[in-house]
Amino acid sequence: VMIIADTVISLVGKVRYRTEMQAYERLMKEDWMTGMQSREPFENLLAEIPKTMNEHKDILLVFMDIDYLRRINNDFGRAAGDEVIVAAARCYRTGGDEFAVVVFDPEEDRNALSEKLDKEIRRYNRNSRYRMSISRGFSSIRDDRGKLKTTGEWKYEADTNMYQNKM
């Protein structure tokens, strides 16, 4: 009986350990609030892109930042800010109020994609207690001459464009 009990206790411990490890692995890859993928999977995707670049005409990187999130948190509370973050999250959550989208072979230009985002924001704002605004910056993986950008250049351009849009 003691041997069986010891075996069962040992198995339960192993199952519990495995379950906890799976939960921790999931937390590393997934944003706990939105359920969207987090920075680590985003960075992993960017690292893999140069290997498959020849399969695509273009890859568009879009960085987005929720405007006035601090004001929403201060005026209405963190729950209101969290609600806005969850509403905005349809992509990678790369930081507190920052998101990123990678569009492989975009069928529309930046203006059309930006207008679609604006349309979704207007629809959200009509039905929400809190007004959302999102700044965005776009960058294509290739420069004007068709040369492949480094990941750093690509991210920097999208980030710079986002902050210019924010101004």
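Placing a label point 7 Å from the Cα of Y124 along the Cα-to-Cβ direction, the residues of region 37-68 whose backbone N falls under 13 Å of that point are 64-68. Listed cross-link partners K57/K155; K51/K116; K57/K119; K51/K147; K51/K155; K51/K166 are compared with a 24 Å cut-off, the Cα-Cα value being larger for K51/K116; K57/K119; K51/K166. Local charge for L69 was computed over the other residues whose Cβ lies under 13 Å away, with Lys and Arg +1 and Asp and Glu -1, and equals -1. Charged neighbours of D143, selected by a Cβ distance under 11 Å, balance to +1 (K, R count +1; D, E count -1). Extension gain, M167 to M53, is 37.8 nm, computed as 0.36 nm per intervening residue step minus the present C-alpha separation. Solvent exposure of region 107-167, expressed per residue, is 71 Å² of accessible area, with all protein chains present and a 1.4 angstrom probe.
For R126, what charge total do you get from the other residues with a beta carbon under 12 Å from its beta carbon, if Lys and Arg give +1 and Asp and Glu give -1?
Around R126, the surrounding residues sum to +4.
The values are calculated or read from the model by the stated rules, or taken from the named source; none is laboratory data. None of the values given here were measured: they were computed from a predicted structure. Neighbour counts run over all protein chains shown; Cβ positions are idealised from the backbone, glycine included. The accessibility values were calculated without ligands, DNA or RNA, using every heavy atom of the protein model including side chains. Shrake-Rupley method; radii C 1.70, N 1.55, O 1.52, S 1.80 Å.
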